[in-house]
Amino acid sequence: MVAAAVLTPLLALGVIRTADAIPSSNNLDNKGRGLNILLVGTDGRDTITPREKKKFRLGGVACDCTDTMMLVHIAQNRKRASVVSIPRDSFAQLPAHQDRRTGERHGTHPVKINGAYAEGGAGLSMRTVEKMTGVTIDRFLAVDFSRFMKAVDAIGGVDICTARPLKDPVTGLGLSPGTHRLNGGESLRFARSRKVDGSADFGRMQRQQRFVVSFIKKLRADGTMRSPARLAKLTDVLLSGPRTERNVTLPDLVSLARDMRGITLSSLEFASVPVKGFHPDIEGVGSTIDWDEEKADAVFATMRKDRPLSEAKAALPSRPGATTARQGEFVPVKGSRIGCG
């Protein structure tokens with residue numbers, strides 16, 4: 001039943017605002033290659049109340065970009081799930097498309113990958129990721145700030161533990177060492193914070209992955225995963241936004257939850273895209289993150305072959321003794337090793 005829990009909290013950081021015309025893929029059985037889901041979070045703020053904006057420091061002008069992006073692979077045997085975080089500032093070449101805001105036709109041009117959604121919505125985001133990874137995307141999911149907070153509050157909060165103080169002057173995050181029960185708004189601060197330890201988006205991606213594990217543990221502990229009614233209520237909060245034809249649906253979640261009853265946190269693995277460095281400023285784009293293409297190709301080849309990320313790790317050099325990914329290093333981590341307790 002981990003499937004629904006994985007899909008529910010991962011990208012509760014944005015909202016779909018368009019129903020793109022995308023070819024439908026209604027069959028979850030994909031001939032041995034597993035199921036691939038793109039989870040994105042935009043910086044949209046339309047559903048946040050003025051009080052919430054002030055309390056949780058959610059002001060500013062939204063660019064309608066995907067500030068968070070994760071590619072999830074669920075194995076064909078439904079006994080393993082792999083999650084690869086994609087830095088929002090990754091250098092990308094957008095395919096030719098029609099701008100959803102202006103209607104103007106654009107040729108291929110460079111952007112930060114988070115700009116794909118702003119220009120072409122879910123469809124262009126999927127096409128861009130497919131082009132960069134070679135991974136066919138079967139489903140798409142995004143959730144806004146408000147739904148994220150409501151989902152966390154619906155299960156009574158999530159336990160987050162930290163061995164050192166976590167403070168971010170931008171979001172207002174302030175956690176002392178120890179274990180904390182965070183409500184929806186506090187969890188949003190935790191998931192959004194980038195100014196904590198100098199690791200920017202790389203550290204934030206790790207914290208988001210830790211949050212997913214903590215969310216899953218809470219769902220198991222409070223019985224939500226064993227209650228179809230409670231699970232349906234929770235997923236309804238997160239699946240109630242505008243749709244795309246390849247969107248994750250409630251029947252998808254029910255089917256996956258049934259098929260993946262035996263999966264454990266040890267069968268859930270997290271990593272981030274291998275990064276080579278930062279690209280110099282590009283006019284009209286800014287400073288971008290360059291993937292290590294050779295390593296990234298090896299990582300996404302494991303997804304295409306329906307194999308665990310550990311096989312890619314074995315073939316790539318890494319920092320001696322590394323157990324966590326910092327500054328874009330590829331270090332797959334089991335779900336059982338992160339989160340509280």
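The values are calculated or read from the model by the stated rules, or taken from the named source; none is laboratory data. Keep in mind that what you see is a predicted model, and the values were worked out from it rather than measured. Cβ sites come from the backbone with ideal geometry, for glycine too, and all protein chains shown count toward neighbours.
See the values below:
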| item | result |
| --- | --- |
| Test: residue in segment 178-196 that is touching a residue at least 40 places away in the same chain (Cβ under 8 Å) and part of a strand (DSSP E or B) | yes |
| Residue list for segment 215-238, filter: modelled with pLDDT under 75 and touching a strand residue (DSSP E or B) at 6+ places or on another chain (Cβ under 9 Å) | L238 |
| Close pairs from segment 284-295: first touching a residue at least 12 places away in the same chain (Cβ under 8 Å) and surrounded by 15 or more Cβ atoms within 10 Å (Cβ to Cβ), partner among the charged types (D, E, K, R) and assigned to a helix (DSSP H, G or I), Cβ under 9 Å, at least 6 apart | I289/D201 |
| Residue count for segment 305-341, restricted to those that are surrounded by 19 or more Cβ atoms within 10 Å (Cβ to Cβ), at pLDDT below 75 and farther than 20 Å from T162 by Cβ | 1 |
| Residue within segment 251-266 that is surrounded by fewer than 20 Cβ atoms within 10 Å (Cβ to Cβ), modelled with pLDDT of 85 or more and in contact with a strand residue (DSSP E or B) (Cβ under 9 Å, 6 or more places away or on another chain) present | yes |
| Residue within segment 96-112 that is in contact (Cβ under 8 Å) with a residue 60 or more places away in the chain, within 18 Å of the chain's Cα centre (by Cα), farther than 21 Å from N247 by Cβ and assigned to a strand (DSSP E or B) present | yes |
